[in-house]
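Bear in mind that the values in this text are calculations on the coordinates, not laboratory data. Every value quoted in this text rests on a predicted model; they were computed, and no experiment measured them. All Cβ positions, even for glycine, are placed from backbone atoms using ideal geometry, and neighbour counts span all protein chains on display.
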Amino acid sequence: MSQRAQRILVVQGHPDPRPGRLCRALAEAYADAAREAGHQLRVVDVATLDFPLLRSKDEFEHGAVPDTLREAQEAIAWAGHLVIVYPLWLGDMPALLKGFLEQVFRPGFAVGAARGDDRAGGLLAGRSARVVVTMGMPAPVYRWFFGAHSLKSLTRNILRFSGIGPVRTSLFGMVEAGGAQRRARWLARMADLGRRAA
Ligand SMILES: Cc1cc2nc3c(=O)[nH]c(=O)nc-3n(C[C@H](O)[C@H](O)[C@H](O)COP(=O)(O)O)c2cc1C
């Protein structure tokens, strides 16, 4: 292996825990190739976690992170590279993934805590990320006609705001149109990224 081994965390953001979803196949192709290339891998599967939704600013700033999410938070702290995979639902990430991020990306962990905290800015600096999104519409339509607004919200408001960068993106469009050859190309693309920890 020519490059330094990376610590990679794959966050599987598909709410359906059953196998067979494209998001799961893409994440597995990435993870398998990364492991084969000598990178260290951890996976957080949001669909299998039981946690409440965040309800207040007070809870966000001062409440404890649910016990069921502590390991996920620890995995983010451990990782040098995050890969977040999800399907586009109603133009955005699925609510379960958003609920997870609201619980985990807390002040004091992801960004400097409220007023009076002298640790300014993102606390997760030094990490890079890739966001992988599957969707029914053609990817260029989401990117150029809809302005990829929800993707920008994740990459800018959550990840870059926490100090994570660079943040790269992979969009897979018209996924329901099928075709074994297209699917094989997508998996190969993810495997290539996995090998490079990119
Ligand atoms: C609840 C729901 C909402 C969806 N909303 C959109 C959407 O807004 N735009 C879009 O292009 N595709 C939309 N889709 C299609 C999904 O993005 C597509 O089924 C998914 O990316 C396929 O990946 P998977 O096999 O991993 O589920 C939606 C699908 C579901 C189930």
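Observations on the model:
- Charge dipole of segment 117-196 (Cα centre as origin; +1 on each Lys and Arg Cβ, -1 on each Asp and Glu Cβ, all else neutral): 320 debye, rounded to the nearest 20.
- Here the chain is assigned +1 on the Cβ of each Lys and Arg and -1 on the Cβ of each Asp and Glu. Its dipole about the Cα centre then comes out at about 820 debye.
- Sorted by Cβ neighbour density within 10 Å, fewest at the top, the residues H81, H14, H149, H62: H149, H62, H81, H14
- Selection from G63, G122, V46 lying farthest towards where the dipole of the chain points positive, charges on Cβ: G122
- Between helix 180-195 and the chain: long-axis angle, C-alpha atoms, 0 to 90°, nearest 10: 50 degrees
- Cβ-Cβ FRET estimate between H149 and E36, R0 fixed at 45 Å, reported to 0.05: 0.80
- Most positive-pole-ward Cα, V83, A139, L154, against dipole of the chain from beta carbon charges: A139
- Nearest 10 degrees, 0 to 90: helix 67-78 Cα axis against the chain principal axis: 70 degrees
- Value of relative contact order over the chain, rounded to a whole percent, pairs C-alpha under 8 Å and six or more apart: 28 percent
- Dipole size of segment 1-110 about its Cα centre, with +1 on Lys/Arg Cβ and -1 on Asp/Glu Cβ: approximately 260 debye, rounded to the nearest 20.
- A simple rule links phi to the HN-Hα coupling: the Karplus curve 6.51 cos²θ - 1.76 cosθ + 1.60 with θ = phi - 60°, which for segment 128-135 gives 10, 8, 10, 10, 10, 10, 9, 7 Hz, with x for Gly and Pro.
- Percent of Cα pairs in the chain per distance bin of 5 Å, from zero to the largest separation: 1, 7, 16, 19, 21, 17, 10, 6, 2, 1, 0, 0.
- Residue-span extension gain [V43 to S56] - 0.36 nm each, minus C-alpha spacing: 1.8 nm
- Computed from backbone phi with θ = phi - 60° and the Karplus coefficients 6.51, -1.76 and 1.60, the 3J(HN,Hα) list for segment 157-164 is 6, 9, 6, 5, 4, 8, x, 7 Hz; x is used for glycine and proline.
- Residue-count net charge about R24 - beta-carbon cut-off 11 Å; Lys, Arg +1, Asp, Glu -1: -1
- Close amide H pairs (under 5 Å, H built 1.01 Å from N) link V131 with I84, R168, T169, S170, residues at least 5 positions away or on another chain.
- Within the shell of other residues whose beta carbon sits under 11 angstrom from the beta carbon of I158, the net charge comes to +3, with Lys and Arg scored +1 and Asp and Glu -1.
- Only helices enter the 222 nm calculation for the chain: every DSSP H run of n ≥ 4 contributes -39,500 (n - 2.57), and dividing by all residues gives -9500 deg cm²/dmol, rounded to 500.
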